[in-house]
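Working notes, structure below.
The values are calculated or read from the model by the stated rules, or taken from the named source; none is laboratory data. Keep in mind that this is a model prediction, so the values were computed, not measured. Neighbour counts are summed over all protein chains in view; Cβ atoms, including those assigned to glycine, are modelled from backbone coordinates with ideal geometry. Ligands, DNA and RNA are stripped out before the accessible areas are found, and what is left, the full protein with its side chains, is counted by its heavy atoms. Shrake-Rupley method; radii C 1.70, N 1.55, O 1.52, S 1.80 Å.
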Amino acid sequence: MSTTWTACVACRPHARALAAATTHRYDYLAHYVAELEQVIDLDAIRNAGLRLGVDPLGGAGVHYWAAIAERWKLDLTVVSEQIDPTFAFMTLDWDGQIRMDPSSVYAMQRLIAIKDPYDIAVACDTDHDRHGIVTPAAGLLPPNHYLAVAIDDLFRHRPQWGATAAVGKTVVSTQLIDRVAARLGRRLDEVPVGFKWFSQGLRDGSLGFGGEESAGAAFLRRDGRVWTTDKDGLIAALVAAEITARCGRDPGALYLDLAGQLGSPVEDRI
């Protein structure tokens, strides 16, 4: 026996919908860009005079980066605003497929090839919830390396985050995060694969940071309030510039320090 369910949805013409009292225009780009200083120290990036290169990989944030640069007066170059539904501009991934993976050295060859003029070069995947961080000396950082550096820096430079705010990591993320959390005196929350496991903690502030091995991360506003309960590739990328501005060294160099102090776990990704 089979059952068919039919849902009735009230429809109205586009013009009437726009004129309805319940319809309001909302400028997502302007709102996001204006509030970005609440989660990233953009003054530090600007004052350090860092040169930033960004490849949006033809994705959803393609028009956000120039707006961020203009609004916050950053020396930021968008290396390509090309949009192509076939993504034919991409270098092929390890298996010859087109894959918009900012954690893949194959897919990121275009940005890696032009990294040298920039203090930090970054990219995001097509929906801009994942990040890739490229430094002049180290090239593309493995996500696990960058997550450990970001966690170590953020928890030491966000004094308004609650004293009990924990470090969140998925089970496949590096054990170096465990060691960083222990040194910081922070509780570690290790969860199954999937960013949904961080959502409640990011909402209520019991998690300061959530990150996963596939280059997804999110963290609280500077004052400890929720910024997002999902991954945000833009803030994960921009905090690499903030770290570089504050420390005078990029995350690739800082990872070598961490590994020298706490060990360098070995990983492989299939």
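Below, the figures for the structure above:
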quantity	calculated
Residue pairs meeting the criteria (Cβ under 8 Å; at least 6 apart or on separate chains; first free of Cβ contacts under 8 Å to residues at least 40 places away in the same chain, in the range 205-224; second open to solvent by 10 Å² or more (accessible area, probe 1.4 Å) and hydroxyl-bearing (Ser, Thr, Tyr))	Ala218/Thr228; Ala218/Thr229
Selected residue (only one of Ala20, Ala44, Ala7 is at pLDDT 95 or above and aliphatic (A, V, I, L, M))	Ala44
Flag for Lys196 being out of contact with any Ser or Thr (no Cβ under 8 Å at 6 or more places or on another chain) and closer than 26 Å to Ala67 by Cβ	no
Unique residue being closer than 18 Å to Ala253 by Cα and either open to solvent by 50 Å² or more (accessible area, probe 1.4 Å) or of a type outside the set (Asp, Glu) (or both) when the list is Leu202, Leu188, Leu147, Leu111	Leu147
Test: residue in the range 84-97 that is in contact with a helix residue (DSSP H, G or I) (Cβ under 6 Å, 6 or more places away or on another chain) and more than 19 Å from Leu258 (Cβ to Cβ)	yes
Odd one out for Ala163, checked against (1) within 26 Å of Ile114 (Cβ to Cβ); (2) surrounded by fewer than 23 Cβ atoms within 10 Å (Cβ to Cβ)	(1)
Long-range neighbours under 9 Å by Cβ, at least six apart or interchain, first residue in contact (Cβ under 8 Å) with a residue 12 or more places away in the chain within the range 14-35, second hydroxyl-bearing (Ser, Thr, Tyr)	Leu29/Tyr64; Tyr32/Tyr64; Val33/Tyr64
Search result, residues across the range 65-79 that are over 16 Å from Val134 (Cα atoms) and open to solvent by less than 50 Å² (accessible area, probe 1.4 Å)	Trp65, Ala66, Ala67, Ile68, Ala69, Trp72, Leu74
Leading residue by the ranking (least open to solvent (accessible area, probe 1.4 Å)) among those in the range 24-58 that are charged (D, E, K, R) and more than 21 Å from Ile133 (Cα to Cα)	Glu35
Number of positions in the range 159-185 that are under 12 Å from Gly205 (Cα atoms) and assigned to a loop (DSSP other than H, G, I, E, B)	6
Test: residue in the range 127-139 that is under 19 Å from the mean Cα position of the chain (by Cα), open to solvent by 70 Å² or more (accessible area, probe 1.4 Å) and within 24 Å of Asp268 (Cβ to Cβ)	no
Helices (runs of 4 or more DSSP H) within the range 188-270 that include 2 or more residues under 30 Å from Trp94 (Cα atoms)	233-247, 251-262
